[in-house]
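Heads up, the thing below is written out as structure tokens.
The values are calculated or read from the model by the stated rules, or taken from the named source; none is laboratory data. As the structure is a prediction and not an experimental result, all values here were calculated from the model. Note that we place each Cβ from the backbone using ideal geometry, even for glycine, and neighbour counts take in every protein chain shown.
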There are 2 protein chains.
Amino acid sequence: MQERMIDLIKITPDSPVPKYKQIINSIYDALDNKVVEKGNKMPSINELCRKYNLSRDTVITAFNELQSRGIVTSQPGKGYYIAKPSADQHHHIFLLFDNLTSYKEDIYSAFREEIGRKGKVEIYFHHFNLKIFNNLIEDSIGDYTAYVIMPIPSKSVEPILDLIPKDKIYILDRGRRLFGRKFPSVCQNFKEDVYNALRSGSDLIGKYQKLSMIFPEPSNIPRDIKRGFERYCKEIGMDYDIIQEFSADKLAKNQAYLVFDDKSLVKLVQSAQALRFVPGRDIGIISYNDTPLKSVVATGITTISTDFTAMGKSMADLVLNRKKDHIINPCSLIRRNSM
Amino acid sequence: MQERMIDLIKITPDSPVPKYKQIINSIYDALDNKVVEKGNKMPSINELCRKYNLSRDTVITAFNELQSRGIVTSQPGKGYYIAKPSADQHHHIFLLFDNLTSYKEDIYSAFREEIGRKGKVEIYFHHFNLKIFNNLIEDSIGDYTAYVIMPIPSKSVEPILDLIPKDKIYILDRGRRLFGRKFPSVCQNFKEDVYNALRSGSDLIGKYQKLSMIFPEPSNIPRDIKRGFERYCKEIGMDYDIIQEFSADKLAKNQAYLVFDDKSLVKLVQSAQALRFVPGRDIGIISYNDTPLKSVVATGITTISTDFTAMGKSMADLVLNRKKDHIINPCSLIRRNSM
DNA sequence: TCTAATTTGTGCGTATGTATG
DNA sequence: GCATACATACGCACAAATTAG
């Protein structure tokens, strides 16, 4: 037993981390990975000194610190023993968002709240720029206990992720298909979500003759959304098309629109107002990602939206408990007057 | 290893460039030429003093600057270590927001865009919690070249700010009255802004019999807004009151409402819709802080708003050029159908 | 447990040159 | 010419952290 335990202590002499702290961290890691448990005997002080060429005092400093934190107890004349079944390690979390939009606040707040005092969270943004993405991760390697990442949707992010220890990576929001089950994740299943949300609103959609998706290109909107949309339309035999940029002349009565960015939504509603088309009667509007204001835009916009608070909470749960799950975040259709 | 590193520092005593800057440049060169890498130990302060006949203070000045640029980290009792794989950015900016609301996105994007490749921006949120505020700043001291801060409106933030070098602090958005001309700033003048915006809209406001401000308490909305509002109403002899929480029964015809938070705005618009009161005819609505969606809420909400993009740009200009200005950010009334 | 060596961190005093008014 | 402020550089002293023996 001690033999195995000894090997769990990793000392790198030239690290900026003090040796006694490296010992402490090793014990925490061993507890987290459940390779030691309450009651196990710790390797003796002299054993560690010899094996790692450490000063006796260095080991004692570490053990004293562990004892004062309640992780180990000492039995004079016998040795040190693990005193706790698990340890609330201090998590230092690298949270990499794509960009700063209003619903990110929901994810972040929920995440932070769940993490609470158990860790410190630092936020970064890559703005879908691969160079920034790589630099941020490269700079941060070794500095965090967990890396929660909204990836850029491209194969080219993989080499840089390989530099991070695999068991510290968590994938957030998108990248479900890109990474499969390679990392723990809380993601949307964009294709299924859109498909299911549209299905659940078939009674509303049926009122219209055609369903147009306003999908700006190039954009960072997940491609899978388009696939889910197309699958739905084909399946129920709905007339549909995909518009790259909305303009007023594309607005027609008895047509419904599925819109993703706020800018297009604003244009769409303004055009409708100009022609005195009433959303929900003359035209239909479904918007993506819900915000409080959308409930009063025009006379209320129907939205397809994932639950961002749930997303933040689930991710915190994964990180805190080192779970390896692959969670699909819930998504639903929120019915309002615009359809 | 240290031996080689020592030689990488070139000091020419008679050069016009200060010695501490020569040290900094040497480290940059070493990083550029990849003769040092992340995690390498720097030669100790005393070592450099002896070897190059430098004052200890000179070396420390250089190392502190490197640390605040994020190039090195220090561990008391051990030494200084290279913290980045490569270095090109000379500004390392600590950006502390109060919370994440939609218009923060505008400030941040504009700020980031102006900073460009000249620096790295790290963003934090204090949520008006003094403890978080203090912890975030305390933890960050010495790690950044500039601290851009949206303060908590309270005297109690001053002691912690005193710990930051005075010439690295910039005040953003609020705190104009709290700090006066103590730090460079880009702030709103809430009292004047509201007063002037209301004055410029007197033709619209005159249509209504009463002007009600919906001002939730407690809240983090600047108190000065209330003062500007009261001053305007008294000056033109307008009947007015201040409502702490809006409820449907408080909605009355021929009355105008000045509303600050999205939650109250949503309630207000929904109540109006329920009673079939048309904004701009039966009731008036003015909302604070513009977002794209507000142009299509109901049939368009009139807003009083500062220019958040300008705010971000101005702040970037101050930081990049180390200007000491005190800028009042422009604010105006944006006329739409709701008044 | 104690001593010793090395390291960073901080404070204070001093001196010099330069820019500003 | 004078006063002031600021950046640069030096010297000394002491505290606290890290580690060795």
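In table form, for the structure just shown:
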quantity: Failed item, numbered, when B:S86 is tested on (1) away from DNA strand C (no atom under 12 Å from the Cβ); (2) loosely packed, with under 15 Cβ neighbours inside 10 Å; calculated: (2)
quantity: Unique match (being in contact (Cβ under 8 Å) with a residue 40 or more places away in the chain, away from chain B (no Cβ under 14 Å) and on the phi > 0 side of the Ramachandran plot) among A:D173, A:D167; calculated: A:D173
quantity: Given (1) on the phi > 0 side of the Ramachandran plot; (2) surrounded by 12 or more Cβ atoms within 10 Å (Cβ to Cβ), number of the condition B:Y52 does not satisfy; calculated: (1)
quantity: Residue match in the range A:289-296 (condition: touching a Phe, Trp or Tyr at 6+ places or on another chain (Cβ under 9 Å) and either within 11 Å of chain B (Cβ to nearest Cβ) or aromatic (F, W, Y) (or both)); calculated: yes
quantity: B:G175 surrounded by 17 or more Cβ atoms within 10 Å (Cβ to Cβ) and either among the small types (G, A, S) or more than 23 Å from B:T101 (Cβ to Cβ) (or both); calculated: yes
quantity: Residue within the range B:134-144 that is within 14 Å of chain A (Cβ to nearest Cβ), away from DNA strand C (no atom under 16 Å from the Cβ), in contact (Cβ under 8 Å) with a residue 40 or more places away in the chain and in contact with a Ser or Thr (Cβ under 7 Å, 6 or more places away or on another chain) present; calculated: no
quantity: Helices (runs of 4 or more DSSP H) contained in the range A:1-119 and holding at least 2 residues within 16 Å of DNA strand D (Cβ to nearest atom) and of a type in the set (A, V, I, L, M); calculated: A:19-32, A:45-52, A:56-68
quantity: Close pairs from the range B:216-231: first without any contact (Cβ under 8 Å) to a residue 24 or more places away in the chain, partner not in a helix (DSSP H, G or I), Cβ under 8 Å, at least 6 apart; calculated: B:K226/B:M213; B:K226/B:F215; B:K226/B:I242; B:E230/B:Y240
quantity: From the options A:V194, A:V148, residue that is β-branched (V, I, T) and more than 28 Å from B:S86 (Cα to Cα); calculated: A:V194
quantity: Residue match in the range B:280-303 (condition: among the aromatic types (F, W, Y) and either assigned by TED's automatic domain parsing to the domain that holds B:I169 or modelled with pLDDT under 95 (or both)); calculated: no
quantity: Of the criteria (1) more than 9 Å from chain A (Cβ to nearest Cβ); (2) within 30 Å of B:D261 (Cβ to Cβ); (3) touching a residue at least 24 places away in the same chain (Cβ under 8 Å); (4) β-branched (V, I, T), which one B:V59 fails; calculated: (2)
quantity: Test: residue in the range A:307-317 that is within 30 Å of A:D88 (Cα to Cα) and aromatic (F, W, Y); calculated: yes
quantity: Test: residue in the range B:15-24 that is of a type in the set (S, T, Y) and either touching a helix residue (DSSP H, G or I) at 6+ places or on another chain (Cβ under 6 Å) or surrounded by fewer than 16 Cβ atoms within 10 Å (Cβ to Cβ) (or both); calculated: yes
quantity: Meets criteria (away from chain B (no Cβ under 14 Å), touching a residue at least 40 places away in the same chain (Cβ under 8 Å) and buried (at least 16 other Cβ atoms within 10 Å of the Cβ)) for A:L95; calculated: no
quantity: Qualifying residue in the range A:302-317 (condition: among the charged types (D, E, K, R), in contact with a strand residue (DSSP E or B) (Cβ under 7 Å, 6 or more places away or on another chain) and surrounded by fewer than 20 Cβ atoms within 10 Å (Cβ to Cβ)); calculated: no
quantity: Sole exception among (1) under 22 Å from B:S140 (Cβ atoms); (2) assigned to a helix (DSSP H, G or I); (3) modelled with pLDDT of 95 or more for A:V148, by number; calculated: (2)
quantity: Filter result (within 28 Å of the chain's Cα centre (by Cα), surrounded by fewer than 17 Cβ atoms within 10 Å (Cβ to Cβ) and more than 21 Å from A:S264 (Cα to Cα)) within the range A:188-229; calculated: A:E192, A:R199, A:S200
quantity: Identity of the residue in the range A:256-287, within 24 Å of A:S219 (Cα to Cα) and among the polar types (S, T, N, Q), that ends up surrounded by the most Cβ atoms within 10 Å (Cβ to Cβ); calculated: A:S287
quantity: Unmet requirement for B:I107, which otherwise passes all of (1) under 24 Å from A:K120 (Cα atoms); (2) buried (at least 18 other Cβ atoms within 10 Å of the Cβ); (3) away from DNA strand C (no atom under 16 Å from the Cβ); calculated: (1)
quantity: Cβ-Cβ under 6 Å pairs, at least 6 apart or on other chains, the range B:15-39 side within 14 Å of chain A (Cβ to nearest Cβ), far side away from DNA strand D (no atom under 12 Å from the Cβ) and hydroxyl-bearing (S, T, Y); calculated: B:L31/B:S86
